[in-house]
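S.K.: One structure follows; several queries about it will come next.
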Amino acid sequence: MKKRIFAILTGLCLAVACTSPNELKVTVSPEPASTRYIGNGVEWDPYDEAESWDAALSESDWQKLFERLDFMQPAYVRCMINSPYRYYDPATGKYDKTRNIQSISRLLQYCTDRNITVVYGEYNPPTRSMKDAQEWIDMSVDYLNYLVNELGFNCIKYFVIFNEPDGDWASTDGDYELWKSMLFRFHDKMSQYPGLKEKVQFAGPDVVMEYKNSRSLYDAKGWLRQTAQDADSLIGVYDIHAYPGQSEVRKGDYAGILSGYKQLVPPNKKIILGEAGFKYWREADSLLMKEYNRRLEGHPFTKGSDANMLVYDTFYGLDMALLCIEVMNGGFSGAAAWMLDDAMHSNGDSGKPEDIKLWGMWNILGEEVFHDATQEEIRPWYYAWSLLCRYFPAGSTILQTTFDRTQGVYIAVAELKGKYTMAAVNVGNTDKPVNISFPADWGDASLSVYNEEHPVPAQSEITIKKTHRMTIPAQSFVLLTSMF
């Protein structure tokens, strides 16, 4: 993105503050909450359905995407496919690894060239009846080998064999034993391809927090606990999905909730949020849900059953930043925002453009397919999430940070090679003075502010010492960094 999007502003209400009776004290310890951070990123799926819409991405579309992602600098990407749009032809039942290879190749080449870690996988088998079929295992692993060893996309580090296998929407329908047996069978098949299992490990169990399938023996914690007990030797990174409500995260205990999941993972392993976003079905978010439903009425390209109609709003970036802060403070090693682009999926992957999964930072096919060029414009939350991707890079140490979590301000801090980044969100309705103790002086740094007034973040220069006072504006996300 052009540097002008970070216009230098004067008069920001983030000047050094005098001591105040309601000042929030923040202590940043040199002790780690997590080390070798994998990084923050996005779900970026390879436009499986675009060809069926007769709208394969043009070169200008790809270049627009690459420019936006170059600014974001995601450290990891979750990339999932639907095999009937890829290697499996549903009309013939035949396997063809080269089928519709162009778009996924562009995506994976981009990630390979920029050393982005990719968590790759399959939403489901080609048909639900193939959920335990050796035929699917053979095709799926051969395709993985084609991508990694034949085409050289060594960005793929982790493999998801079923998306959300605990769900009643998945072909596994919550059957843990089926999922576990398939995990070992996939591993056995990968062993037949020289070097494949050394390059690619499994990500799992890929289950959904706060969800329990009535037909499953386990809730999400149970799946995580059993996976660690039964299959830890196969798991390269543990991953789960989180779709909390706004009130749930803003009340201050979500880092503790995430920490409870982290404690179920063996201490030598990492855990990430493979998908992260907000849903508003909880009673505490009823006003947001009312507005959500209002926007759905007569909508031309989504019925809203798997969408978020509030991704257009600046506050969504504030909430996603807060969720990411809690991910880092909870000891996780990364989060992928769901999702990059509305053009990636229809509801149920049916191929119907009149009912898409509207969750993205834009819709790259807004003009070509949906007859609304404004949908291709960047939505504000992209800018907030980009700051969290750029300035919490792979390899960072997330530092333990102590503060009063009832004050409406949430803070996370990272260190890498003697450089620091601090992310802070104030979800309160008044500005909040803070007094921060860091492990060391920072020196020269930059300060970015994201809020309703500045949906494209404002940036200014700042000098930060070991003890630093500032004021965090109400309803704002602030990022300080010396990582430039």
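The values are calculated or read from the model by the stated rules, or taken from the named source; none is laboratory data. From a predicted model like this one, the values you see are computed outputs, not experimental measurements. Please note: Cβ atoms are built from the backbone with ideal geometry, for glycine as well, and neighbour counts cover all protein chains shown. These area figures cover heavy atoms from the full protein model, side chains too; ligands, DNA and RNA do not enter into them. Shrake-Rupley method; radii C 1.70, N 1.55, O 1.52, S 1.80 Å.
S.K.: What number of residues within segment 32-47 are more than 19 Å from the chain's Cα centre (by Cα) and either without any contact (Cβ under 8 Å) to a residue 40 or more places away in the chain or buried (at least 18 other Cβ atoms within 10 Å of the Cβ) (or both)?
M.R.: The number of residues fulfilling the criteria is 1.
S.K.: While we're looking at this one, here's another question. Could you tell me how many of the residues in segment 447-471 are open to solvent by 30 Å² or more (accessible area, probe 1.4 Å) and of a type in the set (Val, Ile, Thr)? It would help to see each step written out before you state the result.
M.R.: Let us first name the residues in segment 447-471 that are open to solvent by 30 Å² or more (accessible area, probe 1.4 Å), namely 452-456, 459, 461-463, 465-467, 469.
Applying the additional criterion that residues be of a type in the set (Val, Ile, Thr) yields 456, 462-463, 467.
Going through segment 447-471 one residue at a time, the tally reaches 4.
S.K.: Considering segment 239-297 alone, what residues qualify as being within 16 Å of the chain's Cα centre (by Cα) and acidic (Asp, Glu)?
M.R.: Selection gives Asp239, Glu275.
S.K.: Looking only at residues in segment 190-212 that are of a type in the set (A, V, I, L, M) and not in a loop (DSSP other than H, G, I, E, B), which one is farthest from Lys157 (Cα to Cα)? Break it down stepwise before answering.
M.R.: Taking segment 190-212 first, the residues of a type in the set (A, V, I, L, M) are 190, 196, 200, 203, 207-209.
Retained after the next criterion (residues that are not in a loop (DSSP other than H, G, I, E, B)): 190, 196, 203, 207-208.
Values: Met190: 14, Leu196: 10, Ala203: 9, Val207: 19, Val208: 22 Å.
If we take residues in segment 190-212 being of a type in the set (A, V, I, L, M) and not in a loop (DSSP other than H, G, I, E, B), then Val208 is farthest from Lys157 (Cα to Cα).
S.K.: Shifting gears a bit: Taking segment 411-446 as the search range and keeping residues that are under 15 Å from Ala384 (Cα atoms) and of a type in the set (Val, Ile, Thr), which one is surrounded by the most Cβ atoms within 10 Å (Cβ to Cβ)?
M.R.: Val425
S.K.: Starting from residues that are part of a helix (DSSP H, G or I) and of a type in the set (Asp, Glu), keep the ones in segment 236-288 and report whichever is most open to solvent (accessible area, probe 1.4 Å).
M.R.: Applying the filter and picking the extreme gives Glu283.
S.K.: Give me the residue from segment 380-404 that is closer than 13 Å to Leu340 by Cα and open to solvent by 10 Å² or more (accessible area, probe 1.4 Å) and, out of that set, nearest to the chain's Cα centre (by Cα).
M.R.: Only one residue fits best here, namely Tyr383.
S.K.: From the list Lys131, Lys64, Lys97, exactly one residue is closer than 26 Å to Val456 by Cα and open to solvent by 50 Å² or more (accessible area, probe 1.4 Å). Which is it? Outline the logic, then answer.
M.R.: Values: Lys131 fails: closer than 26 Å to Val456 by Cα; Lys97 fails: closer than 26 Å to Val456 by Cα.
After applying the criteria, what remains is Lys64.
S.K.: Any residue at all in segment 298-308 that's under 22 Å from the mean Cα position of the chain (by Cα), part of a helix (DSSP H, G or I) and buried (at least 17 other Cβ atoms within 10 Å of the Cβ)?
M.R.: The answer is no; no qualifying residue exists.
S.K.: Here's a check for you: in segment 171-218, which residue that is without any contact (Cβ under 8 Å) to a residue 12 or more places away in the chain and either open to solvent by less than 10 Å² (accessible area, probe 1.4 Å) or of a type in the set (Asp, Glu) (or both) is nearest to Val265 (Cα to Cα)?
M.R.: Glu177
S.K.: Return yes when Ser233 is among the polar types (S, T, N, Q), over 19 Å from Lys131 (Cα atoms), touching a residue at least 40 places away in the same chain (Cβ under 8 Å) and in a helix (DSSP H, G or I) and no when it is not. Show your work before the answer.
M.R.: Working: among the polar types (S, T, N, Q): yes; over 19 Å from Lys131 (Cα atoms): yes; touching a residue at least 40 places away in the same chain (Cβ under 8 Å): no; in a helix (DSSP H, G or I): yes.
For Ser233, the condition - among the polar types (S, T, N, Q), over 19 Å from Lys131 (Cα atoms), touching a residue at least 40 places away in the same chain (Cβ under 8 Å) and in a helix (DSSP H, G or I) - is not met.
S.K.: Do we find that Asp441 is of a type in the set (Asp, Glu) and without any contact (Cβ under 8 Å) to a residue 40 or more places away in the chain in this structure?
M.R.: Judged against the criteria, Asp441 is a match.
S.K.: Can you tell me which residue among Arg185, Arg215 is basic (Lys, Arg) and in a helix (DSSP H, G or I)? Talk me through it step by step, then tell me what you get.
M.R.: Details: Arg215 fails: in a helix (DSSP H, G or I).
So the residue among Arg185, Arg215 that is basic (Lys, Arg) and in a helix (DSSP H, G or I) is Arg185.
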